[in-house]
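Novice: One structure coming up, written as structure tokens, with questions to follow.
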Ligand SMILES: [Mg+2]
């Protein structure tokens with residue numbers, strides 16, 4: 001069992017031993033994901049790039065962000081479980097699609113959405 005599989009197993013055990021699986025329906029887990037994303041963003045709200053750099057070196061603050069990232073990760077695992085989605089496969093598939101949508105030779109150093117490149121190639 002690799003690290004990812006072990007973490008997923010431990011999360012499921014944590015959830016199931018508390019009889020919380022019944023609450024992990026996709027609608028509520030999706031909402032929980034938004035809330036946890038807000039908790040991540042709260043750590044950066046109104047901070048300058050310099051203050052964020054300082055946050056990275058502050059163990060307590062950095063751990064707070066890591067905890068919120070982990071909350072998001074656990075809800076993602078739960079949501080994927082509910083929908084019978086293999087997150088690793090989903091990630092691999094999406095990365096393959098993104099490589100096709102964003103070929104290096106067209107997009108390197110640019111941050112436009114892929115639709116921008118379709119328009120510019122149609123225009124030229
Ligand atoms: Mg949280």
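The values are calculated or read from the model by the stated rules, or taken from the named source; none is laboratory data. Worth saying up front: this structure is predicted, and the values here are computed from it rather than measured. Neighbour counts are summed over all protein chains in view; Cβ atoms, including those assigned to glycine, are modelled from backbone coordinates with ideal geometry.
Novice: Please verify whether region 15-36 includes one or more residues that are in a helix (DSSP H, G or I) and over 17 Å from residue 81 (Cβ atoms).
Specialist: Step one: list which residues in region 15-36 are in a helix (DSSP H, G or I), which gives 15-17, 21-23, 26-36.
Those left that are additionally over 17 Å from residue 81 (Cβ atoms): 34-35.
So far as region 15-36 goes, yes, one or more of its residues are in a helix (DSSP H, G or I) and over 17 Å from residue 81 (Cβ atoms).
Rundown of residues vs (1) away from the ligand (no atom under 12 Å from the Cβ); (2) not assigned by TED's automatic domain parsing to the domain that holds residue 4, yes/no style:
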site: 30; (1), (2): yes, no
site: 38; (1), (2): no, no
site: 44; (1), (2): yes, no
site: 64; (1), (2): no, no
site: 71; (1), (2): no, no
site: 81; (1), (2): yes, no
site: 95; (1), (2): yes, yes
site: 99; (1), (2): yes, yes
